[in-house]
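Undergrad: I'd like to ask you about the structure that follows.
None of the figures in this text is laboratory data; all of them are computed from the coordinates on show. Computed from a prediction, not measured in an experiment: that's the story for all the values here. Neighbour counts run over all protein chains shown; Cβ positions are idealised from the backbone, glycine included.
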Amino acid sequence: MRKNSGLGASLRRYEDDRLIVGAGSFGDDLNLPGQAYAVMVRSPYAHARIISIKIEAALAQSGILAVLTAADYVADGLKPVPLRPITVSPPDIPAVNADGSPIFIPPCYPLALDRARYVGEGVAWVVGESIELCKSAAELVEVEYEELKAVSDSRAALDSTTALLWDDLKSNVVLDGRAGSAAAVDEAFQRARHVVRLDALIPRQTGAPMEPRTAAASYDPVAGKVTLYAGGGSVTRPRGDLMHMLNLSNEQVRVVARDVGGNFGTKNYTFPEFALSAWAAMKLGRPVKWNCERIESFLSDFHGRDLAVEAELALDETGKFLALRSTNLSNLGAYPFSFIPLLKGTELMSSLYDIPAASARTMAVCTNTPPTAPLRSAGRPEAMFVMERLIDLAAKKCGFDRLELRRRNLIPRANLPYNNPYGMEYDSGDYPGVFEIAVELADMAGFPERKAESESRGLKRGIGFGNYIESASGAPHERAIVTVHPEGKISVIIGTLSAGQGHDTSFRQVVVEFLGVSPDAVEIRTGDTDVATVGGGSHSGRSMRHATTTIAKASSEIITRGTRLAALLLQLPEHQISFHDGKFSSPAANRSIDLFELARVALEQREIPEDLRGVLQATADVHSTVSSFPFGSHVSEVEVDIETGAVTVARYAAVDDVGRAVNPMTVDGQTHGGIAMGIGEALMEKCVYSETGELLSASFMDYAMPRASDLPSFTTHISEVPSTTHPHGLRGGSEGGVTPTLAVVCNAVLDALAEFDIDHIELPLTPDHVWQAIASRSSR
Amino acid sequence: MYSITYHRASSVEEAASLLTSFEEGKFIAGGQTLIPTMKLRIAAPSHLVDLRHIETLKGITVEKSMVTIGAMTTHAEVAGSVELHSVCPSLCALAGGIGDPAVRYMGTIGGSVANNDPAADYPAAMMALGASIVTNRRTIVADDFFKGLFETALDDTEIIAAIRFKPPVRGAYAKFPSPASRFAMTGVFVAQADDGIVRVGVTGAGLSGVFRQTGFEQALTNDWSQAALDNVSVDESMMLSDIHANATYRVNLVKVMAKRAVAAASGMRK
């Protein structure tokens, strides 16, 4: 059983039968008896003072139950959503202002109180008998605005003295920190033979989950308990935030998440609609349901990326990297929800390369756009883009071979663990190893022939490489409660939450591995704070790592207790009892007892010692603050039509080290999804704001997403060098696919266009941008 | 969507008379544009008069070197018509490239032409084929029919009955789709009539919607070749700029797509 379905088995996904036949249970599938509906009135202005809100006409419509504003919220004594922009778990570079001033944390109410700070920010919450009635009433809510000067671009926000989001801040800069050693970097740059430089804006991308955000809440006045149904990255985090915001106790808030139709980080925060649904349900005594529509999703989901970088790499005459210097400017949007993309990207920007010195200025500014937050691989795709572009630029400008330049600077296996120049300690790995596998998959020998074949069709072909590292950490605490039920089931309660990653399968495999039962016997329960009362949710590649450690620990406790009981029942000394394939047995005595039978005895027999009696169950808590560092190497080939600037990805191969793959098939699946997301980011996706903060890409008519027909078949290779910071060697495998893709595809495009001597093309590499770059070089 | 009253007309006369009786009435054909805009509450008709069930508005006939396509003929029917393919395969190919299968099974040629979306495919073909738009009152040539962005020569209660054109000797449509919507960022239909005259219709690129590229037409009439277009300039001031493509780039696309249409119409690969 264990060999076929334990750790390392490509077990078919248990959730798929249910999901494929439409038996999933997503946000909109839930309908609560007597439910009302809610619609948000959103600000049409990027920046405006709210002079007055007149709700009378809206409230007078038949079927309208309430029209709520921030003034009502404050009058009820309720609080803003807690903002915690600093990473919850070490080790990250510090988020400290260089001048020692404290980090500015403004209040963020679920409805704009006196000022709206981005187009789409909520200003009123209309509750009624149907969505259409609410929408009609919402049109009658009269909001008087006084428009203020707005700014959407981070670089413009840095300099602006007139478009200021926060009066108390005197500028838009929320963080201005330093990392690494500026003195060592300056010294290295002085003796460098070569210096290459890159200025780039990695555009704002949105997760665009297939299922938009949803919230539904009901209130039980007898128990004084509110229940929020909302899919996301966690149930415990919104519960904690709602307790704070609505002045409720632990027992008074329950959060339930059922199937989640995609997340990518987009749903990880406590969105305004969560508190508003709960508050309205409590006020009205009726369940309240809200569904985000697609346009609202573009307007009000928390976005990702949006990093402006100026970076320089210093090299000696042999091509050895000496130092890396950068200014990394993160666009936080209107409210500082997260520095994580900025910090996690910056601290890994030297990537897998041995660079003795690095320094960075880490800056974060507020702008009149929705908040940004970690989006799949938070900050790392941006950082890898910078490093890998700098390497290709150095190769091109200083006459090095780009593969040799990488080989010369990759951290050798013998040097691990390795402290990178920002202070991150890489645990283990084989960086040259994955690179060489990628080079092999690249089939460089066949490239000239493929290039010639493309040429015969009038297309320029290029090949691009990119290595990456990322860190998996996240919320440090996780708990698993493993229970052996006499009827032949093992249940696991755990505080993570799948948004499509296949936990129902891979977590079963962990139980199979450690308790030797059939995966059919396992039941995974998540997504309800009444059941999984603690746990950190799913983000930062933490779920599989924490599931393995907690389930293994709980299993071990069950086996220890089971062994004592088995010894008693089989009348043998404990040391003669061993546990295999779900059985406690003594081969010598030819006697055994099944795990489930043992659970029955423990539950039913009265004559056994008290400490062995009762439910056969173990609760394991793990608190881990060490990161593991997934890494890998990707290679891609593209074809560029220089007449139109259109780019087609022709080949893509990925080598990803996940430490240990619990289910290689689902790791491959996640890699595929990650690559698709990265190709989208490289070639087409961008949230476009006008200078004054108007969203110009508010639907799929204008926000380009990659489609299956845009993508080639991917070659994926899983590398498994065990992580030394995880007891079972896992690194995390959810983000690798996307981390180097932006860099790899851009390197391939610029390689295809080598004859035009282009250093940089504005991202994303749309046909327009590519053609303009070619045209500007051709016309010189 | 606001609430509306739906009417199913069984004849053109009934449809026209129904619409006249409502202040905020609107005809609906395949609904592939109208319904999404109603869902977004951008369009808010009080009454919809459905034209899709009027038998006289359906079907394709090819006779005496004249093609007639009923206004309520779907894109899928145009794409799959064996008769039409034998005389004008380029229009079949164009229809087969509109939207996705769901759109093609609902959307109609009359609806598309009446809507005159500046990025729609059919208007380019109407221009290049020198088509006539036959309504319940008159016949309007394509040159007079399209009046700018979403504007046509149709009166409020006028109904397109059919599209008529003489099949070209050769023709092709080359479209460069927008990466987001997959509508034409620039689409060029090139057609040569039996008298040797070439007409070129351009969609997706113009500031004022579909237009004829007369410079290309003259050059190609004189010399049917890609090279003939090399020295013909495209007026950048007429081109659209948006977040996907600026006017300079669209100038380039107009020429590149025209050349590709010429190549395709000549049986070349590119």
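Undergrad: What does the convex hull of the alpha-carbon atoms of chain B project to on average, in nm²?
TA: Numbers: hull surface 55.4 nm².
Projected area, direction-averaged: 13.9 nm².
Undergrad: Quick one: what are the phi-derived ³J(HN,Hα) couplings along region B:2-9, Karplus 6.51/-1.76/1.60 with θ = phi - 60°, whole Hz, x for glycine and proline?
TA: 6, 6, 9, 10, 9, 10, 9, 8
Undergrad: Taking each residue in A:695-708, count the Cβ atoms of any other chain within 10 Å of its Cβ, then average. What number comes out?
TA: For peptide A:695-708, the averaged partner shielding equals 3.
Undergrad: Quick check on the exposure proxy: order B:T214, A:T644 from fewest to most C-beta atoms within 10 angstrom.
TA: B:T214, A:T644
Undergrad: Evaluate the Kirkwood expression for the hydrodynamic radius of the protein assembly as shown, namely the inverse of the mean inverse distance over all pairs of different C-alpha atoms, and round to one decimal in Å.
TA: On the way: mean 1/r = 0.0315 Å⁻¹.
About 31.7 Å, per the Kirkwood formula over Cα pairs.
Undergrad: Could you list which residues have their amide H under 5 Å from that of A:V143, counting only those 5 or more apart in sequence or on another chain, with H placed in the peptide plane?
TA: A:K54
Undergrad: Calculate one ³J(HN,Hα) per residue across region A:34-48 by plugging θ = phi - 60° into the Karplus curve 6.51 cos²θ - 1.76 cosθ + 1.60, and present them in order as whole Hz with x for glycine and proline.
TA: x, 6, 9, 10, 10, 9, 9, 8, 10, 5, x, 9, 6, 7, 7
Undergrad: As an exercise, use a Förster radius of 22 Å and the Cβ-Cβ distance of B:K39 and A:D16 to find the FRET efficiency, rounded to the nearest 0.05.
TA: It comes out at approximately 0.10.
Undergrad: Count, for each residue of B:241-252, the Cβ atoms from other chains sitting within 10 Å of its Cβ, then give me the mean as a whole number.
TA: 5
Undergrad: Next question, about the same structure. Give a quick list of GluC sites (Glu not before Pro) in region A:541-612 that DSSP marks as loop, anything other than H, G, I, E or B, with at most 10 other Cβ atoms within 10 Å.
TA: Passing sites in region A:541-612 are A:E607.
Undergrad: Okay, next question. Let me understand region A:133-238 better: what is its radius of gyration from the alpha carbons, and its Dmax, in angstrom?
TA: In order Rg, Dmax, the Cα atoms of region A:133-238 give 24.1, 75 Å.
Undergrad: Related question: Among A:M387, A:T563, A:A137, pick out the residue whose Cα is farthest towards the positive end of the charge dipole of chain A, where Lys and Arg carry +1 and Asp and Glu carry -1 on C-beta, about the Cα centre.
TA: A:T563
Undergrad: Please give, to one decimal in nm, the separation of the simple spin-label points placed at A:H580 and B:Y2, each 7 Å out from Cα toward the Cβ.
TA: Label at A:H580, label at B:Y2, 7.7 nm between them.
Undergrad: A follow-up question, please. Can you give me the Cα centroid spacing of region B:164-226 and region A:337-362 in angstrom?
TA: So the two Cα centres are separated by 52 Å.
Undergrad: Still on this model: Listed highest first by mean packing, meaning other Cβ atoms within 10 Å per residue, what order do A:620-632, A:96-108 come in? It would help to have the intermediate numbers written out before the result.
TA: Numbers: A:620-632: 22.2, A:96-108: 13.3.
Result, highest mean Cβ count within 10 Å first: A:620-632, A:96-108.
Undergrad: Among the aspartates and glutamates, which have Cα under 18 Å from the Cα of B:K147 when same-chain residues fewer than 8 positions away are ignored?
TA: B:D117, B:D121, B:D155, B:D156, B:E158
Undergrad: What residues qualify as long-range amide H neighbours of A:A124, i.e. H under 5 Å apart, gap of 5 or more or another chain, H built at 1.01 Å from N?
TA: A:V41
Undergrad: Through the Karplus equation 6.51 cos²θ - 1.76 cosθ + 1.60, θ set to phi - 60°, convert the phi angles of region A:572-584 into ³J(HN,Hα) values in whole Hz; use x for Gly and Pro.
TA: Here the 3J(HN,Hα) series is 9, x, 3, 5, 8, 9, 10, 10, 9, 6, x, 10, 8 Hz.
Undergrad: Mind listing which trypsin sites (Lys or Arg not before Pro) in region A:445-527 are in a DSSP loop and have 12 or fewer other Cβ atoms within 10 Å?
TA: A:R457
Undergrad: Where does the Debye-calculated log10 I(q)/I(0) of region A:1-150 sit at q = 0.12, 0.14 Å⁻¹, using only Cα point scatterers of equal weight, no solvent?
TA: -0.77, -0.87
Undergrad: Mind jotting down a quarter of the surface of the convex hull over the alpha carbons of region B:5-49, in square nanometres, one decimal?
TA: Quarter of the Cα hull surface area: 3.0 nm².
Undergrad: With N set to the number of residues, divide the alpha-carbon radius of gyration of region A:512-646 by 2.2 N^0.38 Å and report two decimals.
TA: 1.60
Undergrad: Work out the length of the dipole vector of region B:58-165 about its Cα centre, built from +1 on the beta-carbon of each Lys and Arg and -1 on the beta-carbon of each Asp and Glu, and round it to the nearest 20 debye.
TA: Numbers: 7 positive and 12 negative charges, 54 e Å.
Taking the Cα centre of region B:58-165 as origin, the dipole is about 260 debye.
Undergrad: Nearest 5 percent is fine: what portion of the DSSP beta bridges confined to chain A is antiparallel?
TA: Looking only at bridges with both residues in chain A, the antiparallel portion is about 80 percent.
Undergrad: Something else: Hey, rough spin-label estimate for A:A452 and A:D168, points 7 angstrom out along Cα→Cβ, what's it come to in nanometres?
TA: 6.9 nm
Undergrad: Determine the shielding of peptide B:33-45 by partner chains: average, over its residues, the number of Cβ atoms on other chains within 10 angstrom of each Cβ.
TA: The per-residue average across the peptide is 1.
Undergrad: Please report A:V484, A:V141, A:V235 as a ranked list, fewest other C-beta atoms within 10 angstrom at the top and most at the bottom.
TA: The fewest-first ordering by Cβ neighbours comes to A:V141, A:V484, A:V235.
Undergrad: State the answer as a single residue: which of A:C108, A:H244, A:V510 lies farthest towards the positive end of the charge dipole of chain A, with beta carbon charges of +1 for Lys and Arg and -1 for Asp and Glu, about the Cα centre.
TA: Farthest along the dipole direction, towards plus: A:V510.
Undergrad: Per residue, what volume in Å³ does the Cα convex hull of region A:432-500 take up?
TA: It is 243 Å³ per residue.
Undergrad: Tell me, in nm to one decimal, what length is gained between A:L284 and A:Q605 on full extension, where the rule is 0.36 nm per residue of separation less the Cα-Cα distance?
TA: On the way: separation 321, 0.36 × 321 = 115.56 nm, distance 5.08 nm.
The A:L284-A:Q605 span can extend by a further 110.5 nm.
Undergrad: Which of the trypsin sites (Lys or Arg not before Pro) found in region B:43-85 are loop residues per DSSP with 11 or fewer other Cβ atoms within 10 Å of their Cβ?
TA: B:K64
Undergrad: Continuing with this model, one more query. What is the set of long-range amide H partners of A:L765 at a cut-off below 5 Å, with H atoms built 1.01 Å from backbone N?
TA: Sorted by chain and number, the residues that satisfy this are A:L683, A:M684.
Undergrad: Just report the Cα centroid separation between region A:526-554 and region A:409-426, whole Å.
TA: 30 Å
Undergrad: A follow-up question, please. Using the alpha-carbon centroid of each, what span in Å lies between region A:61-84 and region B:113-129?
TA: A separation of 49 Å, based on Cα centres.
Undergrad: Ok, one more. Counting each DSSP H run of 4 or more residues in the protein assembly as shown as -39500 (n - 2.57), what helix-only mean residue ellipticity at 222 nm follows after dividing by all residues, to the nearest 500 deg cm²/dmol?
TA: The per-residue figure over the protein assembly as shown is -8500 deg cm²/dmol.
Undergrad: Evaluate the Debye formula for region A:611-704 with equal point scatterers sitting on the alpha carbons, no solvent, and hand back log10 of I(q)/I(0) at q = 0.22 Å⁻¹, in q order, two decimals.
TA: Log10 of I(q)/I(0), two decimals: -1.16.
Undergrad: Excluding B:L229 itself, what net charge comes from residues whose Cβ is under 9 Å from its Cβ, given Lys and Arg +1 and Asp and Glu -1?
TA: The answer is +1.
Undergrad: Quick one: Debye curve from the C-alpha atoms of region A:737-780, no solvent, what's log10 I(q)/I(0) at q = 0.13 Å⁻¹?
TA: Result of the Debye calculation: -0.27.
Undergrad: Report the Stokes-Einstein translational diffusion coefficient (µm² s⁻¹, integer) for region B:170-265, Rh taken as the Kirkwood radius over Cα pairs, at 4 °C with viscosity 1.567 mPa s. Let's see the in-between values first.
TA: Values: Rh = 13.1 Å.
Result for D is 99 µm²/s.
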